[in-house]
1. Take the residues in the stretch 22-36 that are at negative phi and out of contact with any helix residue (DSSP H, G or I) (no Cβ under 8 Å at 6 or more places or on another chain), then tell me which one is modelled with the lowest pLDDT.
2. Determine, yes or no, whether residue 118 is in contact with a strand residue (DSSP E or B) (Cβ under 6 Å, 6 or more places away or on another chain) and either modelled with pLDDT under 95 or closer than 20 Å to residue 29 by Cβ (or both).
3. Of the residues 70, 91, 46, 74, which single one is closer than 17 Å to residue 130 by Cα and either surrounded by 18 or more Cβ atoms within 10 Å (Cβ to Cβ) or at pLDDT 95 or above (or both)?
4. Determine, yes or no, whether residue 112 is touching a strand residue (DSSP E or B) at 6+ places or on another chain (Cβ under 9 Å), assigned to a helix (DSSP H, G or I) and farther than 28 Å from residue 136 by Cα.
5. Quick one: residue 82 ticks every box in (1) in a helix (DSSP H, G or I); (2) over 10 Å from the mean Cα position of the chain (by Cα) except a single one, so which number is it?
6. Could you check the stretch 115-168 and list, in sequence order, the residues that are in contact with a helix residue (DSSP H, G or I) (Cβ under 6 Å, 6 or more places away or on another chain), in a helix (DSSP H, G or I) and surrounded by 18 or more Cβ atoms within 10 Å (Cβ to Cβ)?
7. Determine whether the stretch 51-67 contains at least one residue that is exposed (fewer than 13 other Cβ atoms within 10 Å of the Cβ), free of Cβ contacts under 8 Å to residues at least 24 places away in the same chain and in a loop (DSSP other than H, G, I, E, B).
């Protein structure tokens with residue numbers, strides 16, 4: 001009988017534990033394709049040449065606050081294939097997501113929007129790029145994984161170095177530089 005009384009006391013204490021603050025909260029609300037384009041300006045002539053392209057790849061991210069604790073993050077991937085300095089195809093995808101980010105400090109929020117959110121969006125963007133390229137009758141374009149944490153760290157280091165150079169030449173800035181990935 002004593003065991004049952006202990007169980008009742010534990011059960012009664014459990015609701016009090018949930019009254020404590022839960023800390024920062026992050027959730028994905030929606031993923032969507034905001035924009036995409038595909039151009040093959042040299043078709044059908046491009047298909048008559050040997051396929052040995054030079055691929056140029058560009059990646060950008062931006063984010064905007066939609067409402068309190070809710071942000072849109074847009075990952076922009078652009079890939080261009082060139083044969084002998086002429087564009088074989090140009091493809092661009094704007095993969096977007098809506099994320100809820102509650103109770104993060106500014107530094108944590110910036111890192112979250114610049115690394116975690118793009119990591120979530122990237123597989124969808126990569127698939128969209130590959131789908132557009134193959135529908136254009138080109139060989140699959142399988143983009144390699146990207147380490148957004150490393151890109152963010154490199155960007156922060158470059159900003160710190162630039163800030164050091166700026167302070168050495170007597171110039172001052174009223175605002176810290178805005179990283180390219182968090183506009």
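The values are calculated or read from the model by the stated rules, or taken from the named source; none is laboratory data. What you are looking at is a predicted structure, and each value in this text was computed from that prediction instead of being measured. Counting neighbours? That spans all protein chains shown, and the Cβs are built from the backbone with ideal geometry, glycine included.
1. Residue satisfying both the conditions and the ranking: 22.
2. Numbers: in contact with a strand residue (DSSP E or B) (Cβ under 6 Å, 6 or more places away or on another chain): yes; either modelled with pLDDT under 95 or closer than 20 Å to residue 29 by Cβ (or both): yes.
When the stated conditions are applied, residue 118 passes them.
3. Values: 70 fails: closer than 17 Å to residue 130 by Cα; 46 fails: closer than 17 Å to residue 130 by Cα; 74 fails: closer than 17 Å to residue 130 by Cα.
Being closer than 17 Å to residue 130 by Cα and either surrounded by 18 or more Cβ atoms within 10 Å (Cβ to Cβ) or at pLDDT 95 or above (or both) holds for just one of 70, 91, 46, 74, which is 91.
4. yes
5. (1)
6. Scanning the stretch 115-168 gives 115, 118, 148, 152.
7. Among the residues of the stretch 51-67, not one is exposed (fewer than 13 other Cβ atoms within 10 Å of the Cβ), free of Cβ contacts under 8 Å to residues at least 24 places away in the same chain and in a loop (DSSP other than H, G, I, E, B), which makes the answer no.
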